[in-house]
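All remarks here apply to the structure that follows.
All of the numbers you see were taken from the coordinates with simple rules; none came from a lab. Quantities reported herein were computed from a predicted structural model and do not represent experimental measurements. With ideal geometry, Cβ positions are generated from the backbone for all residues, glycine too; neighbour counts draw on all protein chains shown.
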Amino acid sequence: MTLPAGQFYNPFVKGIYCQQCNKKRNEIVCPRCGYPYVYIHFEFQGEKFNLYHDQNGRSYTYSTAEVDKRKVDHERDEGHFRPEDWRVKDSKERLFETSFQRFLDQKEKKLHPGTLHLYKSYNKNHFPPLYSYGVREIRLKHLQIWYDGLPALSAKYKKNMTDCLRAFFNWLVRWGDIKECPIMPDIETPDSTPRTALEYEVQMGELKKIPEPHRDFFEFLMKAGLRPAEGCALQIGDYHPTLHKILVQRTYSKNVLIDTTKGKSKTWRTLSTRANELVLSAIGNEIDAGRFVFINPATGRGYIPETCRKMWRKYTNVPEDLYASTRHSLGTQLAEIGAEKVYIKDILGHKDGRSTEVYMHPTDRKKKEYLDGIGKVVDIKRKKAK
């Protein structure tokens with residue numbers, strides 16, 4: 001708009017500042033922190049404004065900020081400067097809805113498919129109350145109101161959503177869109193339901209309920225202690241026939257094969273005699289290194305983790321899921337026969353020994369043995385004296 005004669009709004013450009021450390025800038029790259037992007041700071045009618053992006057939504061470099069600074073000065077001199085003309089696109093770019101979608105797009109090929117699926121689900125079903133906020137204005141009070149308004153969900157699910165938000169805001173910090181991550185809301189302590197393990201005899205009894213064509217693969221999981229998704233992903237080229245070892249280097253996420261494991265590392269696992277026999281039987285005379293070791297006879301292709309989980313639930317009568325009935329149970333069984341923790345850690349492929357402790361579940365039978373042993377301890381000295 002053109003202002004009437006005698007009325008003059010004077011936007012005063014304070015300068016160009018670094019988006020990362022807020023140092024006033026005259027250089028292409030910040031001499032203090034090395035960050036390339038800047039913002040334009042000015043005051044208008046007593047209010048302070050910061051422009052972080054140009055009219056196309058791109059972060060300002062010093063060169064592009066200089067160009068737009070001159071445009072602001074020109075509009076001021078012509079008497080038709082309006083802050084909203086400069087803030088509309090910037091505000092849209094900075095809305096939670098737009099920014100979170102950029103976050104998902106940028107993470108599309110970096111996150112495991114299962115994690116990406118969860119993040120998209122959170123965004124679609126639970127984050128809309130945050131959509132209308134600009135990411136720079138979101139504070140603890142906004143996040144706490146959002147959290148307190150969530151429907152009846154498990155504490156763990158709510159914690160996972162909060163962790164997702166934390167990852168998102170940290171990403172914004174790294175990209176220079178915000179200065180710091182807002183404080184996350186107070187969350188409930190996730191319910192801790194301890195996993196249980198199957199005793200060997202029970203485990204073998206349940207194994208017999210699995211249809212015979214699929215039984216070898218389930219027994220392999222019990223004998224090798226791999227995560228079910230890692231067992232499904234094994235290929236013939238991963239097997240070392242001389243050392244009786246197998247290389248765990250890929251897994252499934254949301255039933256999508258990915259070339260990395262949960263711990264993002266490759267580990268050789270020693271196979272028991274029985275596990276090695278099962279691998280040799282599954283491979284047969286096949287020499288294609290890229291073929292899966294265990295083939296689902298119903299499909300002619302490798303097993304899919306979700307198929308295996310459903311099969312276990314369908315044919316067995318124990319409350320323990322496939323994961324607990326195989327990998328967790330092996331850790332417990334090894335501990336009960338006296339295996340040292342360092343060996344259990346290596347067999348299960350853990351980097352941290354604290355992870356191993358989670359898998360070592362005391363069984364009811366062993367606890368009963370110890371309880372029943374009270375009062376039956378023999379005093380050796382007294383026995384010799386008699």
Scoring the chain by relative contact order with C-alpha pairs under 8 Å, at least six apart, yields a percentage of 11 percent
Expressed in nanometres to one decimal, the distance between label points 7 Å along Cα→Cβ at Arg136 and Arg354 is 3.9 nm
Excluding residues fewer than 8 positions from Lys158 in its own chain, the aspartates and glutamates with Cα under 14 Å of it are Asp148, Asp186, Glu188, Asp191
Amide H contacts under 5 Å for Asn296, restricted to residues at least 5 apart in sequence or on another chain and with H modeled in the peptide plane, are Arg301, Gly302, Tyr303
Any residue on another chain or 5+ positions along whose placed amide H is under 5 Å from the amide H of Tyr37 is listed here as Gln19
Taking Lys and Arg as +1 and Asp and Glu as -1, residues besides Arg365 with C-beta under 13 Å from its C-beta add up to -3
Cα-based Debye curve of segment 194-293 sampled at q = 0.10, 0.11, 0.21 Å⁻¹ gives log₁₀ I(q)/I(0) of -0.28, -0.34, -1.18
Along segment 253-261, Karplus-curve 3J(HN,Hα) (6.51, -1.76, 1.60; θ = phi - 60°) to the nearest Hz, with x for Gly and Pro, reads 9, 6, 6, 10, 6, 10, 8, 7, 9
With the 8 Å Cα cutoff and a minimum separation of six or more residues, segment 71-208 has a relative contact order in percent of 22 percent
Rounded to 0.05, the calculated FRET efficiency for the beta carbons of Tyr370 and Lys120 at R₀ = 56 Å is 0.70
Those GluC sites (Glu not before Pro) from segment 122-221 that are DSSP loop and have at most 10 other Cβ neighbours within 10 Å turn out to be Glu180
Note on segment 249-290: the mean projected area of its alpha-carbon convex hull, in nm², is 4.0 nm²
In nanometres, the difference between 0.36 nm per residue of separation and the alpha-carbon distance of Leu280 and Asp346 is 21.5 nm
Excluding residues fewer than 8 positions from Lys179 in its own chain, the aspartates and glutamates with Cα under 15 Å of it are Glu137
Per-residue Cβ contact counts at 10 Å, fewest first, order Leu111, Leu172, Leu130 as Leu111, Leu130, Leu172
Cβ density ranking, 10 Å radius, fewest first, applied to Val293, Val318 yields Val318, Val293
Quick note on Cys181, Cys33, Cys164, ordering by fewest other C-beta atoms within 10 Å, gives Cys33, Cys181, Cys164
Ordered by number, the trypsin sites (Lys or Arg not before Pro) in segment 64-127 that occupy a DSSP loop and have at most 16 other Cβ atoms within 10 Å are Lys109, Lys110
For Arg291, the residues 5 or more places away or on another chain with a placed amide H closer than 5 Å to its own amide H are Ile236, Gly237
Links exceeding 31 Å between C-alpha atoms in this model, out of Lys120/Lys245; Lys23/Lys71; Lys254/Lys368, come to Lys120/Lys245; Lys254/Lys368
Over all pairs of different Cα atoms in the chain, the reciprocal of the mean inverse distance gives a Kirkwood radius in Å of 26.2 Å
Dividing the helical contributions, -39500 (n - 2.57) per DSSP H run of n ≥ 4, by the residues of the chain yields a 222 nm value, nearest 500 deg cm²/dmol, of -13000 deg cm²/dmol
Log entry: pair-distance distribution for segment 12-89, C-alpha pairs binned every 10 Å from zero, whole % per bin is 20, 54, 24, 3
Of the convex hull drawn through the C-alpha atoms of segment 217-351, the volume per residue in Å³ is 115 Å³
